[in-house]
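Note sheet for the following structure.
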Amino acid sequence: MTSKKLKAAEHPTPVSRRQHKADAKAAAHSPTKPRPLTRIQKEKQDIILEAALEVFSVHGFRGATIDQIAEVAGMSKPNLLYYFPKKEEIHRRLIAALLDTWLAPLREMDENGDPFSEIRSYIRRKLEMARDFPRESRLFANEMLQGAPRISEMIEVDLKGLVDEKARLLMGWMDEGKIARTDPYHLIFSIWATTQHYADFDVQVRAVLGPGRNGEGRFEDAARTLEQLYLHGLTPRNR
């Protein structure tokens, strides 16, 4: 290196010094990884999400307000807004967790298992979800009735991708003659409709069944009826 170049390197030009300062400033203000929540912060968020689930499942997204959620959570509105600045953020968190939970039973359908056992297990898992997560089911139904404006991407990507995968699985069983041929998508839709009915229309179900049959046993009765309906209908004629 010539002495002239060495001198230039040892003494940066004003432009270079300005650039160094700009880079240093940018680095100082660059986004950093968020700190993990403390135990108390996590508990507060869980309380808010639980309260929001109660409010959203009754009033839907449009009808629910931050004030209602804060009241059910037992905290002030400013305190709630510290954790979730917008109603949309609370709703998004709930829906994302719900969709993951909702898809779990379908994910568990195993291509290596016996088709009738797998479909029977899927029906029962969906009924168990209707029994154990009725508010989540109503929250999802409310979002669908409004046109799914906040979760359309989740439906078009995550949900559709999984249903496409399981529809191919069902078609494979049909091609092998293991179950009767039918439209796999509408088969899945019909299982959704008949099982989630027991969550979304629980009041109607219990009222019609009456005091003698509207207890927890109604889910077992439903399971046996749906198993007979679907498994009989899916049995190939040559069996």
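Stretched out fully, how many nm does the piece from Arg125 to Arg150 gain, at 0.36 nm a residue minus the Cα gap? Present the calculation step by step, with values, prior to reporting the outcome.
Working: separation 25, 0.36 × 25 = 9.00 nm, distance 2.64 nm.
The span from Arg125 to Arg150 would gain 6.4 nm if fully extended.
Here the Karplus relation 6.51 cos²θ - 1.76 cosθ + 1.60, evaluated at θ = phi - 60°, turns the backbone of the stretch 48-62 into coupling constants of 5, 5, 5, 5, 5, 4, 4, 6, 5, 5, 8, 9, x, 5, 5 Hz, with x for every Gly and Pro.
The HN-Hα couplings worked out from phi for the stretch 169-183 by the Karplus form 6.51 cos²θ - 1.76 cosθ + 1.60 (θ = phi - 60°) are 4, 4, 4, x, 5, 5, 4, 7, x, 7, 9, 5, 6, 7, 6 Hz, whole numbers, x standing for Gly and Pro.
Determine by what factor the alpha-carbon radius of gyration of the stretch 32-101 differs from 2.2 N^0.38 Å, reporting the quotient.
Numbers: Rg = 12.0 Å, N = 70, 2.2 N^0.38 = 11.1 Å.
Normalised Rg, Cα atoms only: 1.09.
Note on Ile47 and Arg62: their simple-model spin labels are 3.2 nm apart, each label 7 Å out from Cα toward Cβ.
Order 222-233, 88-99 from most to least packed using the mean count of other Cβ atoms within 10 Å. The partial results should precede the final answer.
Details: 222-233: 14.6, 88-99: 17.1.
Descending mean neighbour count gives 88-99, 222-233.
Can you pull out the GluC sites (Glu not before Pro) in the stretch 44-85 whose DSSP state is coil and whose Cβ has at most 10 other Cβ atoms within 10 Å? Could the numbers behind the result be given before it?
Values: sites: Glu50, Glu54, Glu71; in loops: none.
Those that pass, being in a loop and sparsely packed, number zero.
Using a 7 Å offset from Cα along Cα-Cβ at Arg237, what residues in the stretch 170-209 end up with backbone N under 14 Å from the label point? Under 14 Å, as judged by backbone N against the label point of Arg237, lie 180-182 of the stretch 170-209.
A short reminder: the numbers here are calculations on the coordinates, not readings from a lab. On a predicted model such as this, the values are computed, not experimentally measured, just so you know. Note that we place each Cβ from the backbone using ideal geometry, even for glycine, and neighbour counts take in every protein chain shown.
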